[in-house]
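The values are calculated or read from the model by the stated rules, or taken from the named source; none is laboratory data. Here the structure is a predicted model, which is why all the values come from computation and not from measurement. Using ideal geometry, Cβ is built from the backbone for each residue, glycine included, and neighbour counts are taken over all protein chains shown.
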Amino acid sequence: MSHEERVRLMNTAQGRTPADVILAGGQLVNVYSAEILPHVWVAIKGARIAYVGAPDPLLVGKDTEVHELNGRFIAPGFIDGHTHLDSIFQVGAYAEYALAFGNTAAVSEVAMTANAMGVKGVTLGLSANAWIVDDRTKPSLSEGGTCESE
Ligand SMILES: [Zn+2]
């Protein structure tokens, strides 16, 4: 993250500049304290979360999109700590299924490709799947995307 982006986020978090998007009125699932915190706002500036907390009118500007969640739950992205993107799952189909249920990261074994091709197999597998991890703006496989790296 650049210095400028950090400053932008801090200015929004402190109410000096409005957010781009507000998710208002959600219930935040705090996975550390096991609490559910009501009436939470999440303020997004650019591609990052700048603020999570009590409603703050200073976060709303004339161009801010406000989405009312009406008590829907907000939770951090979950991590699938053990999967097999090297052999069992097709990455695109896995990503669509996992993202729909809140998984935003996965740790995959690479044993199949490593056993078959060694480091070269692992490297090829990682590069073929990298776009899923790095850029979700590219089309999914069902939308005509591919697993080929650029
Ligand atoms: Zn396994």
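What are the residues in the stretch 6-23 that are in a strand (DSSP E or B) and surrounded by fewer than 20 Cβ atoms within 10 Å (Cβ to Cβ), if any?
So in the stretch 6-23, the residues in a strand (DSSP E or B) come out as 21-23.
The answer is 21, and nothing else.
Residue 50 passes every criterion in (1) within 30 Å of residue 94 (Cβ to Cβ); (2) part of a strand (DSSP E or B) apart from (1). Scanning the stretch 24-72 for residues that are under 21 Å from the mean Cα position of the chain (by Cα) and of a type in the set (Val, Ile, Thr) gives 29, 31, 36, 40, 42, 44, 49, 52, 64, 66.
Among the residues making up the stretch 113-128, those that are at pLDDT below 85 and within 16 Å of the ligand (Cβ to nearest atom) are 113, 122, 125. Tell me, yes or no, whether the stretch 24-46 has at least one residue that is crowded, with 18+ Cβ neighbours inside 10 Å and in contact with a helix residue (DSSP H, G or I) (Cβ under 6 Å, 6 or more places away or on another chain). Among the residues of the stretch 24-46, at least one is crowded, with 18+ Cβ neighbours inside 10 Å and in contact with a helix residue (DSSP H, G or I) (Cβ under 6 Å, 6 or more places away or on another chain), which makes the answer yes. Note on the stretch 2-42: residues that are in contact (Cβ under 8 Å) with a residue 40 or more places away in the chain and over 20 Å from residue 63 (Cα atoms) total 5.
Run down 83, 64 and say which single residue is touching a Pro at 6+ places or on another chain (Cβ under 7 Å) and β-branched (Val, Ile, Thr). If you could, list the steps in order and put the result at the bottom.
Numbers: 83 fails: touching a Pro at 6+ places or on another chain (Cβ under 7 Å).
When all the criteria are applied, what remains is 64.
Of all residues in the stretch 6-23, none satisfies being within 30 Å of residue 125 (Cβ to Cβ) and under 18 Å from the mean Cα position of the chain (by Cα). The residues in the stretch 77-109 that are near the ligand (Cβ under 10 Å from one of its atoms), touching a residue at least 24 places away in the same chain (Cβ under 8 Å) and assigned to a loop (DSSP other than H, G, I, E, B) can be counted, and the count is 4.
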